[in-house]
1. Can you tell me how much longer the chain between Arg277 and Ile67 gets when fully stretched, taken as 0.36 nm per residue apart minus their C-alpha distance, in nm with one decimal?
2. Can you grab the distance from the C-alpha centre of the stretch 148-187 to the C-alpha centre of the stretch 1-77, Å, no decimals?
3. Would you mind giving the average projected area, over all directions, of the Cα convex hull of the stretch 46-114 in nm² with one decimal?
4. Tell me, what is a quarter of the convex hull surface for the C-alpha atoms of the stretch 1-58, in nm² with one decimal?
5. Out of the stretch 256-359, which trypsin sites (Lys or Arg not before Pro) are coil in DSSP terms and have no more than 10 other C-beta atoms within 10 Å?
6. Scan the chain and report its longest stretch carrying no GluC sites (Glu not before Pro) that are both in a DSSP loop and have at most 10 other Cβ atoms within 10 Å.
7. Any idea how far the Cα center of the stretch 216-231 sits from the one of the stretch 87-101, in Å?
8. Select from the stretch 26-82 those trypsin sites (Lys or Arg not before Pro) which occupy a DSSP coil region and have at most 16 other Cβ atoms within 10 Å, ordered by residue number.
Amino acid sequence: MVAGYYALPHRWRWVLLLAGSYYFYMCWRVEYIVLILASTLIDFWSSGQMEKTEKKSIRKAYLMLSIVSNLGLLFAFKYYHFATNSSEEILSWFNVFYHFPDLEVLLPVGISFYTFQTLSYTIDVYKRKLPAEKHIGYFALYVAYFPQLVAGPIERYDRLAPQLKAVHVPLYENFSNGFRLLLYGLFVKMVIADNLAVYVQQIYDNPSIYSSYSILTGLLFYSFQIYADFYGYSIMAIGSAMMIGVNLMDNFKTPYLARNISEFWQRWHISLSTWFRDYLYIPLGGNQVKIPRWALNIFLVFTISGLWHGASWNFVIWGSIFGLMFLLERFFQDTLGWITPEKWGIRRSLGVAKTFLIVSIAWIFFRSPNLGVVKNIFNSVYSNTGMEDSFHVPPMVWILFLLFLLSDILLFNNRFDRWCNNHPMWLRWSIYGVLIFAVMAFGGTDNQPFIYFQF
């Protein structure tokens, strides 16, 4: 792809990238390419119509067409069963028994990501923050750009589109930094996430047969499995795009070193956090409203963010936990004046430990298939103290885990390629050798799909 991109004249490069992006998506399920095409065509046409008129009511009608069609597809494929099953259960409380028609469809991979990406464009065109794109090919490429199509980062049009249109030439620094990110991403995903996944699966399959210590180990491993899995994908996406001169936004900045929940969400899945801030929190009034309304806005945004991740009450509770913890932290900060300092010390270290504990507890709801498993895990942690089991983690897994933890600390507020640029060649190549060896020797043998592909 990279060689073909630079070999083609500039005016045809978008064709190669778009064809490659569609092929990449169709490798999962061919017929679902229709959904991306539908979103692309509707939003391209509706934004063009918004551009042509100054009448706000007409522009709003075209905006609603975009929102309803995109969210309608998202609801049909992702939330229909959750909504109907929940409705049936609520009706049964009143002795009304009704079964909604079944909709037997698979969740299209990445639908939540490209839906939010294209919605941000139409909303910005409606607000006159952007001119409508006149070239349908470049707009289609923005929606389907393959490095970040199925798991983000969720890019904005005014940031990504100019880069896709720019004339790029092969640059050593782009290849060098791109390969560094690809290598480190492979290590993080294949060596860390995929190895931890094996032990996490054991715990969540049947927590009642394991000791409290083993369960806590599994919960710790999941916190780092999901981080390494999504972080690994994100930096591989950034590295892939970088080799053709496109700079995608950073989606992670050492989130487990955050000192509070607010900072955690400034470091974790940054593209989603900023999307909800700009297109939900601020339109709801943001912090320019009275305190009760502000608190409700915060809680709603976090709860809806949880629902964005998955169609079950587990995800709703997961998002609500973050909303509640965010508000409690702000209460203690504003009322008691307890603010965790920026600089490292005992208080910041305690803040990091507290935040990591809250996040890890919340992950139980995220990982569990249903609330029954959540209850089983908490009961087993409480009651299975002193119990002997067959759970065993080889020393090498612990060594690799600690190696990743050390690397994350060293990369605090930094990124692997930038960190490498600031260190001598002998150290850089020593690290490359260790990473290559680790991927080849310890890369997980089981097929572990990226966790965020399901969203």
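1. Going from the current span to full extension adds 73.9 nm.
2. First find each Cα centre; the distance between them is then 20 Å.
3. Average of the hull's projected areas for the stretch 46-114 equals 6.7 nm².
4. 5.7
5. Counting only loop positions with at most 10 other Cβ atoms within 10 Å, the trypsin sites (Lys or Arg not before Pro) in the stretch 256-359 are Lys290, Lys343.
6. 105-341
7. One Cα centre to the other: 38 Å.
8. Loop-located and lightly packed - Arg29, Lys55.
No value in this document is a laboratory result; all are computed from the given coordinates. Treat the numbers as computed from the prediction; the structure is a model and nothing was measured. Neighbour counts run over all protein chains shown; Cβ positions are idealised from the backbone, glycine included.
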